[in-house]
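Right, one structure below, let's go through it.
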């Protein structure tokens, strides 16, 4: 059995439903944001496809034919159900914010702040994912991502949150044991992390990069490397912003003022076609304000010769 709706555009049904409900092509055009000529064309096209008239065109008004009356009842019920389904789907989507991010920035910076965001947005639940693979926001069901890199990704808009700068840190006990006086003293210290990153830091500090590795450990996540440093296994490169709480609490000490940028920064990004989503707009505005606050603290530290 063939589908009676085959070949009939939903747009034509929508236009017909509005015109039948309002009994006016003009008012239907105003409600739908169309011209009266476009409404007339859609209805004429629908009548042609059905092979019968749906309206009687009178001098100053329109009236439904018997066929139009029958179709109007079904169209109105269908549009009510469709609007309700779309509304339910939209409300459900707007009730959950799905975030994909790097493990270190999630644990060290984002998660401790999310409580404040949820207090201000009690109707919005947050789902946080730290899977290591790069997620395609346009296909995989996430609303926003926190990433490192250039800030330029196809199909996405982004805003820079924080600089991705790194500096050597270790426990106070390790710092006392190593008795480091100058950056070059780190050449023989037990170092944690990638040799390429350490070479970049030594260059920024004006020290010739070592030709022989002295690394004790490297890991997939900065947080794991810093955890090793907090276990007195050596000196790690860490972001003074992401690990600011540990530094302020005296669990870690910054050994030298020099920092090195390893990427263009940490970014929040979202699909271009969802830039007006209320939950994305609210989260972006809140997160940018949080990052500005941390940048202000970092600038104060810089004036104290900490950065």
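Note: relative contact order over the range 154-246, using C-alpha pairs below 8 Å and six or more positions apart, is 41 percent.
In the chain, the DSSP beta bridges split such that about 60 percent are antiparallel, to the nearest 5. Using the Cβ-Cβ distance between residue 273 and residue 227 with R0 set to 45 Å, the FRET efficiency from 1/(1 + (r/R0)^6) comes to roughly 0.70.
Expressed as cubic angstrom per residue, what is the convex hull volume of the alpha carbon set of the chain?
Measuring per residue, one finds 192 Å³ for the Cα hull of the chain.
Could you check the simple spin-label distance between residue 49 and residue 282, using points 7 Å along Cα→Cβ, in nm with one decimal? Roughly 3.9 nm, to one decimal. With only Cα atoms counted, the range 121-263 has Rg and Dmax values of 17.6, 56 Å. The angle between the Cα long axis of helix 10-22 and the main principal axis of the chain comes to about 60°, on a 0 to 90 degree scale.
Measure nothing but the geometry: give the 0 to 90° angle between the long axis through the Cα atoms of 111-120 and the longest principal axis through the Cα atoms of the chain, rounded to 10°. Taking Cα atoms only, the helix is inclined about 40 degrees. Using a Förster distance of 30 Å, how high is the FRET efficiency between residue 27 and residue 56, based on the Cβ-Cβ distance and rounded to 0.05? Between residue 27 and residue 56 the formula returns 0.95.
Relative to the longest principal axis of the Cα atoms of the chain, helix 66-94 runs at roughly 10 degrees.
Contact order for the range 10-92, expressed relative to its length and based on alpha carbon pairs under 8 Å spaced 6+ residues apart, stands at 29 percent. In the chain, helical runs assigned H by DSSP with n ≥ 4 each contribute -39500 (n - 2.57); averaged across all residues and rounded to the nearest 500, the mean residue ellipticity at 222 nm is -13500 deg cm²/dmol. If the chain linking residue 65 and residue 289 were pulled fully straight, counting 0.36 nm for each residue of separation and taking away their Cα-Cα distance, it would gain 74.7 nm.
What ratio of Cα Rg to 2.2 N^0.38 Å holds for the range 10-92?
Rounded to two decimals, the normalised Rg is 1.11.
Using C-alpha pairs below 8 Å separated by at least 6 residues, the relative contact order for the chain is 19 percent. For residue 136 and residue 10, a Förster radius of 35 Å and the Cβ-Cβ distance give a FRET efficiency of 0.75, rounded to the nearest 0.05.
Of the DSSP beta bridges with both residues in the range 165-261, give the percent that are antiparallel, rounding to the nearest 5.
65 percent
No lab work stands behind these numbers, since they all come straight from the coordinates. Model, not experiment: these values are computed from the prediction. Cβ coordinates were reconstructed from backbone atoms using ideal geometry, including for glycine residues, and neighbour counts include every protein chain displayed.
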